[in-house]
Amino acid sequence: MKYVVLGAILFASLVAALPGGAAERKDLRIDAESLAPPALRSDEPSPGKWWLRHDARDWGSKSGILMTGKPPEGMIKTGEWVVLSAKRFVPYRVPALTVDPKAKGWYRIHVGLYHDPAYPEGGPRLLARLTGEPYSEYLQAPDRVKARTVEVYWKAADLTGKKLVLEQPPAPMNHPNQGFVGALPTFAWSR
C-alpha cells in the first residue's frame, strides 16, 4: 500500500512538471467580438464584412454573434427538383478570419454555432481548419437542435503554433459571388 501511495505522489508530481502540466492547464474562450478585428466587422450587415449582431440574447448568446450576413425570414422551399433560391444565401462573401488561440498542447475544440429552423436541411454553415491542414471542414449545427445557437464539439488537436482559419462557404455554382449564412457566438478550447 505504501508503494502505491508513493507511486501516485510521484506520478502527480511528474504530470505537474511536464509541459502542459496542471499549472498550465486552462480553458480558453473567445467571444464573437474578439474573433474578428474591427476592420473586418460592422454593426450592420454589409458587403465584405462580418456582421457583429449585438442583440443576440434571444438567440442564447450573451455577448453577441458574428454572422456572415442577414439570414432569410420565413420558411425556404425545398424538395426534389427544387432549385435553391438565391434568398437562401448571403448576396456577398466575407473575408476569411484567422484567429490565434495562443495555446500550446492538445485541446478539445468546441464551437458555438448558429442554427436556423427555416432551413429544413443543410442550414447555416462555416468552413474551418487549423493552419497546416490541407482542407477545411464544414461546421454546422445538428438539425435536431431547437435553439438558435448551440455549442458543439469539433475535434481534438495540438494547438502549438497553430491558428484557426474560418471561412464562409461559397454558394452553389448557380449563385456566383454569394455565400452561405453562418454565425459564431464563441470558440472554446478545453483540455
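The values are calculated or read from the model by the stated rules, or taken from the named source; none is laboratory data. Quantities reported herein were computed from a predicted structural model and do not represent experimental measurements. Here the Cβ is made from the backbone with ideal geometry for all residues, glycine too, and neighbour counts use every protein chain on show.
Residues of region 29-51 that are over 14 Å from the mean Cα position of the chain (by Cα) and surrounded by 13 or more Cβ atoms within 10 Å (Cβ to Cβ): LEU40, ARG41, SER42, PRO45, SER46, LYS49, TRP51.
If you take the residues in region 144-153 that are in contact with a Gly (Cβ under 7 Å, 6 or more places away or on another chain) and assigned to a strand (DSSP E or B), which one is surrounded by the fewest Cβ atoms within 10 Å (Cβ to Cβ)? Among those that are in contact with a Gly (Cβ under 7 Å, 6 or more places away or on another chain) and assigned to a strand (DSSP E or B), it is GLU151. Tell me, please, whether a residue that is at pLDDT below 90 and buried (at least 17 other Cβ atoms within 10 Å of the Cβ) can be found in region 156-171. Yes: one or more hits. Give the residue, chosen from GLY69, GLY79, that is of a type in the set (Gly, Ala, Ser) and surrounded by fewer than 14 Cβ atoms within 10 Å (Cβ to Cβ). The unique qualifying residue is GLY79.
Close Cβ contacts (under 8 Å, 6 or more residues apart or on different chains) running from residues in region 153-179 that are touching a residue at least 24 places away in the same chain (Cβ under 8 Å) to residues that are part of a strand (DSSP E or B) and basic (Lys, Arg) comprise TYR153/ARG108; LYS155/ARG108; ALA156/ARG108; LEU164/ARG129; VAL165/ARG129; PRO169/ARG125. Restricting region 113-143 to residues that are part of a loop (DSSP other than H, G, I, E, B) and of a type in the set (A, V, I, L, M) leaves a set whose member that is nearest to the chain's Cα centre (by Cα) is ALA141.
Yes/no per residue for (1) under 21 Å from THR186 (Cα atoms); (2) among the acidic types (Asp, Glu); (3) part of a strand (DSSP E or B):
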| residue | (1), (2), (3) |
| --- | --- |
| ARG29 | yes, no, yes |
| LYS62 | yes, no, no |
| LEU66 | yes, no, yes |
| PRO72 | no, no, no |
| MET75 | no, no, no |
| GLY79 | no, no, no |
| VAL83 | no, no, no |
| LYS87 | no, no, no |
| TYR92 | no, no, no |
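Selection of region 94-112 for residues being of a type outside the set (D, E, K, R), more than 22 Å from GLY48 (Cβ to Cβ) and either in contact with a His (Cβ under 6 Å, 6 or more places away or on another chain) or not in a loop (DSSP other than H, G, I, E, B) (or both) yields TRP106, TYR107, ILE109, HIS110, VAL111, GLY112.
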